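See structure below.
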2 protein chains.
Amino acid sequence: MGLKQSLVDKQAYAVILAGGVGSRFWPFSRELEPKQFITIVGKESLLQNTIRRLSGLISAKKVYIITNKSYFYELKKQIEKFKIPENNILLEPEGKNTAPAIGLSARLIEKQNKDATLIVLPADHYIKDIARFKSALRQAILCAQDNFLVTLGIRPGKPSTGYGYIKIGHQSPVTSHQYRYYTVEKFLEKPSLKNAKRYSADKRYFWNSGMFVWKVSVFMEELKRSLPDLYSQLSLIQTHEDISKIWPEIKPISVDYGIMEHSKRIALIPADFGWSDLGSWDSLQELLPKDKKGNVIQSDSVDCGSQGLCVFTKSNRLIATIGLKDVIIADTPDALLVCNKHKAQEVKNIVEYLKKRNRKEHLVHLTDKRPWGSFTVLQSSDGFKIKIVEIEPKKRLSLQSHQKRAEHWVVVSGRAKVTRGNTVRFVESNESIYIPIGVKHRLENPDTVPLKIVEVQTGSYLEEDDIQRYEDDFNLRG
Amino acid sequence: MGLKQSLVDKQAYAVILAGGVGSRFWPFSRELEPKQFITIVGKESLLQNTIRRLSGLISAKKVYIITNKSYFYELKKQIEKFKIPENNILLEPEGKNTAPAIGLSARLIEKQNKDATLIVLPADHYIKDIARFKSALRQAILCAQDNFLVTLGIRPGKPSTGYGYIKIGHQSPVTSHQYRYYTVEKFLEKPSLKNAKRYSADKRYFWNSGMFVWKVSVFMEELKRSLPDLYSQLSLIQTHEDISKIWPEIKPISVDYGIMEHSKRIALIPADFGWSDLGSWDSLQELLPKDKKGNVIQSDSVDCGSQGLCVFTKSNRLIATIGLKDVIIADTPDALLVCNKHKAQEVKNIVEYLKKRNRKEHLVHLTDKRPWGSFTVLQSSDGFKIKIVEIEPKKRLSLQSHQKRAEHWVVVSGRAKVTRGNTVRFVESNESIYIPIGVKHRLENPDTVPLKIVEVQTGSYLEEDDIQRYEDDFNLRG
């Protein structure tokens, strides 16, 4: 992380909340590939942006990330380059909102270091000015030393109805640590437009960013006081393995509603670093640079005379647009969204619709990520299916067999080590191999460069569930 | 064609003009697959609709079709079921507008039958009421017997600026053949909106449909009088083979401008059968049935609250739309159009843009039709390309070789007869075969069911022009 050790607060730990299942960036985000793991702004995923932003402030071994267990391999892959210890990944069997997630992280960090200060950060926010962000965090850390639950408040840039608001009381005098904070009068839910206009015009209101800083000891005291059941349940956890035992009993509740609203020692540190929770496509459009006509047009597109148009694409198709106004287009290989910019919130209705109909487009992309690499379904027809399968260096799929399909593999780059029945052979680039129905097989990349094969499946039934696994390097989904 | 012989006029011939290169239905239409050959309304292509509409009026052997020679195989395939003799297909080496095309047809039909009456019909129009259409044609045929150049005039349904207009003079008394016609005062180019409003409110103006009826002898007299050069050039043509010799010399000119505007014996038969020249996406939208919100939404789409929306798709992707107004979406596997309904004419600008940049999306679809079947490029990457190749029963590709690529073929349905080097073998479904670089090979479907193979090409250069052909059943593009 290119750490400047002088700046690192030795007691500071980051807790990154990466369990979100947000559907509002569909079709780019999917249930099994939510917003925090996809690249929306810049060249890395929102999670990676969030981690990188901490560089120089918190060392990698003090960064904890909590997510749903189904995202484990994706998370692991994404954080590999940051050298965050695998033990710092906390896996929730199911989402229980923010209080249990933060509580669990606090519990496990407290066992390491009773003097820890926690910086709680959502994994999927956008922050423009990183220097100002760090400066605000440093103030918040100082404030937390004075035993406050510190919340970062964002000065409203517009009358947004998409954020919760915080009403402040008074500003403190300059403390012994040379900073000032605001007392908090109350937390407010997402307002009506009328109220949002009133709040955003009034200097006593801030947006609730969901970013918090506190000493673990102070948080635990407040947790015990406000949510004693959750506190007792978390007290039973000694190791990662204990999580799944107590998790089913835990009641979902947000940290705002469960703790912050009841606490007498809240402080707000004002922040003005250019922030968005990226709650929908239009919020993304707002923060990207636009051409003269207010358009944001990515890559392979051609437009005639549109205004306020956004074209985002993850497909390699040409997109041509003519005379549109305030339209957002988000294109992927299997699903296209064309949306009035002012109705972007309704994307969640589309996702609900797909869910009800047992479709797949809300769930996964055509390219399905796996712990060993990925596969992309190119064509699915009666009697055959064509996939491109990519296997990362030194990874291998499970030893498996299929009852209803045969597979033809053509190696198009790299070299495959193929177990077929009782034999093992190497299949070079531009060679092919056939796996008959019922035969045990295993595909492995023995080399240090990626392996890519084209797989043609033939048979009467070609779904993923026709698989028997005998050995697997990845116990969840190999 | 299910002919009712009693209704067939023995001297009547149809001349279907199928050489159009219209770009306004892009991305559904492409330069090599123009509008007349694609299915836009109903279950058959516009050309097939045009032919089927003549059933009971003209026998198949009297239907002539003139098109560009590059469309020959596509045309042949499309008209196969109508039993139109191959000799009735006239191929233009290049488009020269309507007068030479009609003149050529007239010349060749005249040689068969000096007493022929020609019904000239564009291949790509929409006609709603076929009974009325036939009734208008019968009147026009009677009128042509009286030595008129007959034009079918459409009563304007709206002040369209997209059509030419015809101003009539007076109505004739009832003739001996028991019909009435209008004399024509003048032909008018596509008008301004102001003039279009004036014309459409005035009963003396009709739309120029481009549908004509005349005796071949009368047409030839008028051709000789108005376009003597063209007349002389066409006189040199004795057989199909002569066309390519004289064609380069021929000047392009429309039959309206070259003949109709100068002739003293024009008659107009009014027609009111529900007509559109399908000049653009919005004209298609106008004639399709709409839901309560004025939307036309095809197949696999989901909408939240749009109005006046049209979704047309030739891809198998899900299309989700939210809150759009008067938007046309036309989706294909390699190109998407999202267009303000009121700007649909500008699609031609997109096509021009693509042409200038030497793209492919204006030229061909991902599925490329060939005389022997078709192929679809599923993926084109560095070092490999994946295609689905479909070979029609009893057809075969050329005997060929490639200098820079090897090919892996997996048969997924049907059975292939494969020539490889000096050997011939049959490859059954779920078997594969490898064609090394440089080896002469031929793929054939020996059976009466379609053959489908998945082809994985590997090599450093994978363009279509790496092909050497040794034998070919189709001299144009096998």
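The values are calculated or read from the model by the stated rules, or taken from the named source; none is laboratory data. Computed from a predicted structure; not experimentally measured. When we count neighbours, we look across all protein chains shown, and the Cβ atoms used for this are built from the backbone with ideal geometry, even at glycine.
Could we say that residue B:23 is hydroxyl-bearing (Ser, Thr, Tyr), within 29 Å of residue B:350 (Cα to Cα) and surrounded by fewer than 22 Cβ atoms within 10 Å (Cβ to Cβ) here?
On the way: hydroxyl-bearing (Ser, Thr, Tyr): yes; within 29 Å of residue B:350 (Cα to Cα): yes; surrounded by fewer than 22 Cβ atoms within 10 Å (Cβ to Cβ): yes.
In short, yes.
Out of curiosity, is residue B:253 part of a loop (DSSP other than H, G, I, E, B) and at pLDDT 95 or above?
yes
If a residue counts only when it is buried (at least 17 other Cβ atoms within 10 Å of the Cβ), which strands (runs of 3 or more DSSP E) contained entirely in the range B:400-478 have at least 3 such residues?
Result: B:405-413, B:416-420, B:432-435, B:441-444, B:451-459.
Could you list all residues from the range A:368-386 that are over 15 Å from residue B:317 (Cβ atoms), within 10 Å of chain B (Cβ to nearest Cβ) and not polar (S, T, N, Q)?
First pass over the range A:368-386, keeping only residues over 15 Å from residue B:317 (Cβ atoms): A:368-375, A:381-386.
Adding the requirement that they be within 10 Å of chain B (Cβ to nearest Cβ) leaves A:381-386.
Answer for the range A:368-386, where residues must be over 15 Å from residue B:317 (Cβ atoms), within 10 Å of chain B (Cβ to nearest Cβ) and not polar (S, T, N, Q): A:382, A:383, A:384, A:385, A:386.
Could you list all residues from the range B:376-399 that are closer than 18 Å to residue B:458 by Cβ, in contact with a Ser or Thr (Cβ under 7 Å, 6 or more places away or on another chain) and buried (at least 17 other Cβ atoms within 10 Å of the Cβ)?
B:384, B:387, B:388
Among the candidates B:179, B:163, single out the residue that is of a type in the set (Phe, Trp, Tyr), under 23 Å from residue B:262 (Cβ atoms) and modelled with pLDDT under 95.
Values: B:179 fails: under 23 Å from residue B:262 (Cβ atoms).
Checking each option against the conditions leaves just B:163.
Tell me, please, whether a residue that is aliphatic (A, V, I, L, M) and either in a strand (DSSP E or B) or within 14 Å of chain A (Cβ to nearest Cβ) (or both) can be found in the range B:273-282.
no
Restricting to the range B:96-124, and then to whatever is over 21 Å from residue B:40 (Cβ atoms) and among the small types (Gly, Ala, Ser), can you tell me which residue is surrounded by the fewest Cβ atoms within 10 Å (Cβ to Cβ)?
Residue satisfying both the conditions and the ranking: B:116.
Suppose we filter the range A:446-460 for residues that are within 22 Å of residue A:385 (Cβ to Cβ), in contact with a Lys or Arg (Cβ under 6 Å, 6 or more places away or on another chain) and at pLDDT 95 or above; how many remain?
Count: 2.
Taking residue A:434 as the residue in question, decide whether it is in contact (Cβ under 8 Å) with a residue 40 or more places away in the chain and outside the structural domain of residue A:72 (by TED's automatic domain parsing). Lay out the reasoning, then the answer.
On the way: in contact (Cβ under 8 Å) with a residue 40 or more places away in the chain: no; outside the structural domain of residue A:72 (by TED's automatic domain parsing): yes.
Considered against the rule, which asks whether it is in contact (Cβ under 8 Å) with a residue 40 or more places away in the chain and outside the structural domain of residue A:72 (by TED's automatic domain parsing), residue A:434 comes out as no.
Go through the residues of the range B:327-349 one by one and say whether even a single one is at pLDDT 95 or above, in a strand (DSSP E or B), more than 7 Å from chain A (Cβ to nearest Cβ) and under 20 Å from residue A:377 (Cα atoms).
no
Can you say whether residue A:121 is hydrophobic (A, V, I, L, M, F, W, C) and at pLDDT below 95, as far as the supplied structure shows?
no
What number goes with the only condition from (1) touching a helix residue (DSSP H, G or I) at 6+ places or on another chain (Cβ under 7 Å); (2) modelled with pLDDT of 95 or more; (3) assigned by TED's automatic domain parsing to the domain that holds residue A:123 that residue A:272 does not pass?
(2)
Going by what's in this entry, would residue A:205 be described as in contact (Cβ under 8 Å) with a residue 40 or more places away in the chain, farther than 24 Å from residue A:276 by Cα and more than 25 Å from the chain's Cα centre (by Cα)?
Taking the combined requirement at face value, the residue does not satisfy it.
Go through the range A:350-367 and report how many residues are buried (at least 20 other Cβ atoms within 10 Å of the Cβ) and more than 11 Å from chain B (Cβ to nearest Cβ).
Residues in the range A:350-367 being buried (at least 20 other Cβ atoms within 10 Å of the Cβ) and more than 11 Å from chain B (Cβ to nearest Cβ): 1 in total.
Okay, residues lined up against (1) in a helix (DSSP H, G or I); (2) more than 20 Å from the chain's Cα centre (by Cα):
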residue: B:84; (1), (2): no, no
residue: B:91; (1), (2): no, no
residue: B:100; (1), (2): yes, no
residue: B:109; (1), (2): yes, yes
residue: B:115; (1), (2): no, yes
residue: B:137; (1), (2): yes, yes
residue: B:142; (1), (2): yes, yes
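Looking only at the range A:285-294, decide whether some residue is assigned by TED's automatic domain parsing to the domain that holds residue A:161 and farther than 30 Å from residue A:68 by Cβ.
The answer is no, given that none of the residues of the range A:285-294 is assigned by TED's automatic domain parsing to the domain that holds residue A:161 and farther than 30 Å from residue A:68 by Cβ.
Helices (runs of 4 or more DSSP H) wholly in the range A:170-247 with at least 1 residues that are more than 22 Å from residue A:158 (Cβ to Cβ) - which ones?
Counting at least 1 such residues, we get A:216-226, A:228-235, A:243-246.
Return the residue satisfying two criteria in turn: it lies in the range A:309-326 and is more than 7 Å from every other protein chain (Cβ to nearest Cβ) and part of a loop (DSSP other than H, G, I, E, B), and of such residues it is surrounded by the most Cβ atoms within 10 Å (Cβ to Cβ).
Here is the first cut: in the range A:309-326, the ones more than 7 Å from every other protein chain (Cβ to nearest Cβ) are A:309-316, A:325-326.
When the remaining residues are screened for being part of a loop (DSSP other than H, G, I, E, B), the result is A:309, A:314-316, A:326.
On the way: A:309: 26, A:314: 16, A:315: 20, A:316: 12, A:326: 18.
The extreme case among them is A:309.
Do any residues in the range A:392-420 that are within 14 Å of chain B (Cβ to nearest Cβ) and in contact (Cβ under 8 Å) with a residue 60 or more places away in the chain have Cβ atoms under 7 Å from those of residues that are among the β-branched types (Val, Ile, Thr) and assigned to a loop (DSSP other than H, G, I, E, B), where the two are at least six apart or on different chains, and which pairs are they?
Pairs found: A:402/A:437; A:402/A:467; A:404/A:437; A:405/A:437.
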